[in-house]
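Step one of this worksheet: look at the structure below.
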Amino acid sequence: MDQRRNSAPGSAPGGGDSGETGFNDIGLPRSGGVGNQLRKIVTLSRDFERHVGAALAVNPTDLSAMEHLMVAGSLTPSELSRRLDISTAATTLVVDRLVTLGHVQRHPHASDRRKVVVVPAVASVARAVEALMPVIGGVAALTQELSPEDRAVIEAFLTQVVEIYEVALAPDEALDAGGQPAA
């Protein structure tokens, strides 16, 4: 892929001057070409999620439930509820929709006959993987083309970006009762 496709003359590949510093018109710090590319990835990721959801005929919450089930395997509705951060009643509706579409099945729990587990349907997992493969395979191929040193630098950078998101999403333990940073 030609990374210069959207670049202006004299700018970094992919758009944006990699040397941008300072603040923009509304006072946000500029992060240059790297920040621009990360923003594009976030936007494209949301678009791709909608694309996969449309391919599976599910809404974003149902897709998120399917993702959890694909990664974790069978889950009880209450486990799924916690992972989705929605009520158990809302989770019941999600599971009902997914059962109706054939994406999941309810099975008896292996050790507690009072419980059920939600199991992803093999055919739906295959359809989801098929929809995801252009990105998963493309990123894997791109990663394999990198030198071990470049992979290490990129992985370290992305690890730090993930940590920034995790800190921003962490419970506000460091805030006082008024919502201000605790001393």
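The values are calculated or read from the model by the stated rules, or taken from the named source; none is laboratory data. Being a predicted model, the structure only gives us computed values, none of them experimental. Every residue, glycine as well, gets a Cβ built from its backbone with ideal geometry; the counts of neighbours run over all protein chains shown.
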- line: Within the stretch 71-86, of all residues that are assigned to a helix (DSSP H, G or I) and hydrophobic (A, V, I, L, M, F, W, C), the one farthest from Pro120 (Cα to Cα) is Leu84
- request: Determine whether the stretch 92-110 contains at least one residue that is among the β-branched types (Val, Ile, Thr), part of a helix (DSSP H, G or I) and within 25 Å of Leu169 (Cα to Cα).
  value: yes
field: Options Ala8, Ala12; residue that is at pLDDT below 80, buried (at least 16 other Cβ atoms within 10 Å of the Cβ) and assigned to a loop (DSSP other than H, G, I, E, B)
entry: Ala12
statement: The condition of being modelled with pLDDT of 95 or more, crowded, with 17+ Cβ neighbours inside 10 Å and under 30 Å from Val153 (Cα atoms) holds, among His68, His103, only for His68
query: In this structure, does Asp150 turn out to be part of a loop (DSSP other than H, G, I, E, B) and either over 26 Å from His51 (Cβ atoms) or over 19 Å from the mean Cα position of the chain (by Cα) (or both)?
result: no
message: Test of understanding: among Ala65, Ala89, which residue is touching a residue at least 24 places away in the same chain (Cβ under 8 Å) and in a helix (DSSP H, G or I)?
response: Ala65
- request: Would you mind telling me which numbered condition in (1) in contact with a Gly (Cβ under 7 Å, 6 or more places away or on another chain); (2) on the phi > 0 side of the Ramachandran plot Ala57 fails?
  value: (1)
